[in-house]
Amino acid sequence: MTTPGVALSGGGASPSEEARLNRQREPLPTDVASLPDLPAAYARELGRALDVLGLELAADARSAIDGHVRLLLAWNAAVNLTTITDPAEVARRHVADSLAAVQVIRAGPHESLLDLGSGGGYPGLPLAAVLAGSRALLVDATAKKVAFLDAARRAVGLTGRVDVAAVRAESLRRADPGAAWDVVTARAVGPLDDLVELAVPLLATGGRLIAWKRGDISVELAAAARAAVALGAAAPALQPVPEALVLAGHVLVIVAKAGPTPAGYPRDPAVRKRRPW
Ligand code: SAH
């Protein structure tokens, strides 16, 4: 009698399969110094973007941002963190896109920053690196990604100001009913009305949700405006990302909390689905 499971593994792994398994078993790097340098094209692209954004980075912020990129590229083969693997493209589409919000963030309260669905750490980690007086929490629902975020904050020396948590955004208010963040960021996490419902309850009065969006967002924007009013926030304001960044059609959507959010938000995901804004 044959047992399929035994027959399959009893055949032995092919050499290439074995190599793949061995690679997976090797511990992932945690020390940036052991990793390859970034190419000149990365520095060129980032330098150009910083000029466009009118930003000058302190040396420690820049080295934290670069170290994060090096670790991201090193882990990406084992943990799916990004589809962008060309370092110059990472500079433009991850780092510069994240830093496009720095001026907006600096213009308001920003002692604390919560990044929802941080994934590989964008936009939360570069923002935390640049906003030297702020503390940040990066959350993601996927444990493997949070393991990366934890390794990254350690590797680049941000443990004193940056925390990570493997949680769903939906459970944050219940876990910490008194939460009062100055800034909540979210890029590529969900539709705007969902983000408003998840983020506004977590904000301090005067705090802001900043969501990275692109393309035609008129439908989700209308729904988000209804959600914002119900949750005690002002209607969304739009801030286009400079075209010279070559991130065509990217826009920051800003929702400022004006007063307390009624109890009962965010609603259960099933209820949200049944009763959209
Ligand atoms: N912000 C990153 C990652 C975007 S991918 C970037 O722009 O590069 C979306 C991420 O959000 C994924 O890592 C996913 O695990 C996380 N996510 C999706 N829904 C979530 C939720 N409800 N709570 C927490 N994380 C969530």
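Among the residues of the stretch 150-185, how many are within 10 Å of the ligand (Cβ to nearest atom) and over 15 Å from residue 112 (Cβ atoms)? The total comes to 6.
Looking only at the stretch 59-73, residues that are within 13 Å of residue 156 (Cβ to Cβ) and open to solvent by 20 Å² or more (accessible area, probe 1.4 Å) come to 6 in all. Of the helices (runs of 4 or more DSSP H) lying entirely inside the stretch 117-202, those containing at least 1 residues that are within 23 Å of residue 225 (Cα to Cα) are 172-175, 192-199.
Taking each residue of the stretch 203-231 that is of a type in the set (S, T, N, Q) and looking for partners that are assigned to a strand (DSSP E or B) with beta-carbon atoms closer than 6 Å, six or more apart or interchain, yields 205/257.
Number of residues in the stretch 95-116 that are part of a loop (DSSP other than H, G, I, E, B) and open to solvent by less than 20 Å² (accessible area, probe 1.4 Å): the value is 3.
Kindly evaluate residue 203 against the criterion of being under 17 Å from residue 261 (Cβ atoms) and within 11 Å of the ligand (Cβ to nearest atom). So residue 203 fails the test.
Taking the stretch 203-248 as the range and being closer than 19 Å to residue 127 by Cα, crowded, with 18+ Cβ neighbours inside 10 Å and not β-branched (Val, Ile, Thr) as the test, the residues that pass are 203, 207, 208, 209, 211, 212, 213, 245, 247.
The values are calculated or read from the model by the stated rules, or taken from the named source; none is laboratory data. Because the structure is a prediction, the values reported are computed rather than measured. When we count neighbours, we look across all protein chains shown, and the Cβ atoms used for this are built from the backbone with ideal geometry, even at glycine. SASA here: full protein model, heavy atoms, side chains in, ligands and nucleic acids out. Shrake-Rupley method; radii C 1.70, N 1.55, O 1.52, S 1.80 Å.
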